[in-house]
Amino acid sequence: MKFIASTTTLLKQLLIINGVISSKVVIPILEYFLFEIENGKLRIVGTDLEVSMQGTIPVESKENGKIAVPASKIIEILKSLPEQPITFTINEKNNSIELSSENGKYKISGEVAEDFPKFPTIEDAKVFELPAEILESAISKTIHGIGTDELKPALTGLFIELDDEKIKFVSTDGNKLVQYTRTDITLDDTVSIILPKKALNVLKTSITTDDEKVTVEFNNVNALFSLGNQKIVCRLIDEKFPDYNSAIPIDLPNILRIDKYNLIDALKRTQIFADKSTYEVIFKITGNDLQLESQDIDYSNEANERLTCEYDGINIEIGFSARFLIEMVSNIDSQEVVLSLSSKKRPGTITPAEPNENEELLMLLMPIVVKESDEDEDDDKQENNEE
């Protein structure tokens, strides 16, 4: 079997599909790509058994066939070559692969294609479509909220919920929560799935143009994403997602509005001086004056910055993780952001001051509560009694 491909085109496709291949494989064949030639097209498949991906590129070939090719080796070779046609000659008797470039010939060993896992199929699937731009935006805005605790598998993925009015993307790790809603994507039925984080990263990398459509097919086990010449299948997280709606506070009377970039820059500076275990920055809000304070007692480091804001509410002092806040605020599109607060022990929300059409974005962050003095505890008891 012989075929000719462009080094640049082939390498670009391999680098995308390589995102699904694990550095620690369960079985050796998972370190390989499946190359399958059919009717002048090369189909390339990679998998780690949880996430599988395939893509196709045009090639010059007069015959069909398939072989498993070592992933790291073929990528390394192609990276070292300039743009040019490269010829693959495959000996199916001993699975050897000869690559011929303008100036040289190289031989590598392949494996039997039949040993490569079959690409998953989706039976009895529900289907919906959405623009690639919306999917990429949803992933970018929510992926930082996904948890890493393997003892809570439901929190290690992105929860997607569809009904006849909207689609919601929700992520949480227990300390922060992100909810991204689109009202222009609907489904007649009410369904929900949880996508693993690895599949989200692969999807985001695969989206190269904003004007293409993504077709999503899913059942109780797997989800298949088709975009352009690529297909991505992932195994869903089979867990019950927590009741996130009950975690979102309704009554947040203290409203702060501030320039997004001024806040991010100030947080980046003050977190340098914060305790590295919490990255805590204290917000002290009085009138239209926001004061940010941080300190690391162990190293005698501290910082203090003053920002102008618009504020409607009582004077308040509350501590947040600067690292989490920077992630959240950076994923808001509008020039200004709104922080809605209740008290120093209760979560606050971050929203865009001017939401985009057909979308809602809400981020929730738990405050960092430090040990209080007896006087502070008495004040809290009095506050609770008044409520």
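The values are calculated or read from the model by the stated rules, or taken from the named source; none is laboratory data. Since the model is a prediction, treat every value here as computed from it, not as a measurement. Cβ: placed from backbone, ideal geometry, glycine included. Neighbour counts: every protein chain shown. Surface accessibility is based on the protein's heavy atoms, side chains included, excluding ligands, DNA and RNA. Shrake-Rupley method; radii C 1.70, N 1.55, O 1.52, S 1.80 Å.
Quick notes
- When +1 charges are put on Lys and Arg Cβ atoms and -1 charges on Asp and Glu Cβ atoms, the dipole computed for the range 58-162 relative to its Cα centre reaches about 320 debye.
- Entry note: the range 63-130 has Rg to Rh equal to 1.14, where both radii use alpha-carbon atoms and Rh is the Kirkwood radius.
- Residue among Phe3, Ser52, Met366 farthest towards the positive dipole end of the chain, charges placed on Cβ: Phe3
- Distant alpha-carbon pairs in the range 255-331 (separation over 17 angstrom), percent: 41 percent
- C-alpha center-to-center spacing [the range 241-308, the range 40-68] in angstrom: 49 Å
- Based on DSSP H segments of at least four residues, each scored -39500 (n - 2.57), the chain has a per-residue ellipticity at 222 nm of -6000 deg cm²/dmol.
- Surface accessible to a 1.4 Å probe, Glu217 within the full protein complex, Å²: 50 Å²
- A simple charge model with +1 on the Cβ of Lys and Arg, -1 on the Cβ of Asp and Glu and nothing else charged puts the dipole of the chain at about 2400 debye relative to its Cα centre.
- An oblate overall shape is assigned to the range 175-214, the ratio a/c of its alpha-carbon gyration tensor axes (a ≥ b ≥ c) being 1.5 or greater and a/b not exceeding b/c.
- Legend: calculated FRET efficiency, Asn229 to Gln335, from the Cβ-Cβ distance at R0 = 41 Å, rounded to 0.05, equals 0.60.
- Relative compactness, the range 146-294, computed as alpha-carbon Rg over 2.2 N^0.38 Å: 1.31
- Across the range 92-105, coupling constants 3J(HN,Hα) worked out from phi with the 6.51/-1.76/1.60 Karplus curve, θ = phi - 60°, read 6, 6, 10, 6, 8, 10, 10, 10, 10, 10, 5, 10, x, 10 Hz, and Gly and Pro carry x.
- When the listed pairs Lys2/Lys118; Lys12/Lys176; Lys231/Lys260; Lys41/Lys126 are checked against a 32 Å cut-off, the alpha-carbon distance exceeds it for Lys12/Lys176; Lys231/Lys260.
- The value obtained for the range 125-218, namely the Cα convex hull volume divided by the number of residues, is 94 Å³ per residue.
- Computed from the C-beta positions of Ile314 and Ser277 and an R0 of 30 Å, the FRET efficiency is 0.50 to the nearest 0.05.
- For the chain, the share of accessible area belonging to carbon and sulfur comes to 45 percent (1.4 Å probe, ligands and nucleic acids excluded).
- Scaled radius of gyration (Cα, divided by 2.2 N^0.38 Å) that the chain gives: 1.22
- Solvent exposure, largest accessible area first (probe 1.4 Å, DNA, RNA and ligands not counted), of Leu195, Leu11: Leu11, Leu195
- The simple Förster model, with R0 at 41 Å and r as the Cβ-Cβ distance, assigns Glu354 and Leu49 a FRET efficiency of 0.40.
- On a per residue basis, the chain carries 51 Å² of accessible surface, using protein heavy atoms and a 1.4 Å probe.
- Max mean-square fluctuation residue, GNM over the chain, Cα-Cα springs under 10 Å, options Ser300, Ser101, Ser226: Ser300
- Charging the Cβ of each Asp and Glu at -1 and of each Lys and Arg at +1, and nothing else, the dipole of the range 208-337 about its Cα centre rounds to 340 debye.
- Ranking Ile97, Leu14, Phe320 by how far each Cα lies toward the positive end of the dipole of the chain (charges on Cβ) leaves Ile97 at the top.
- Cβ-defined net charge surrounding Leu151, 13 Å radius [Lys, Arg +1; Asp, Glu -1]: -3
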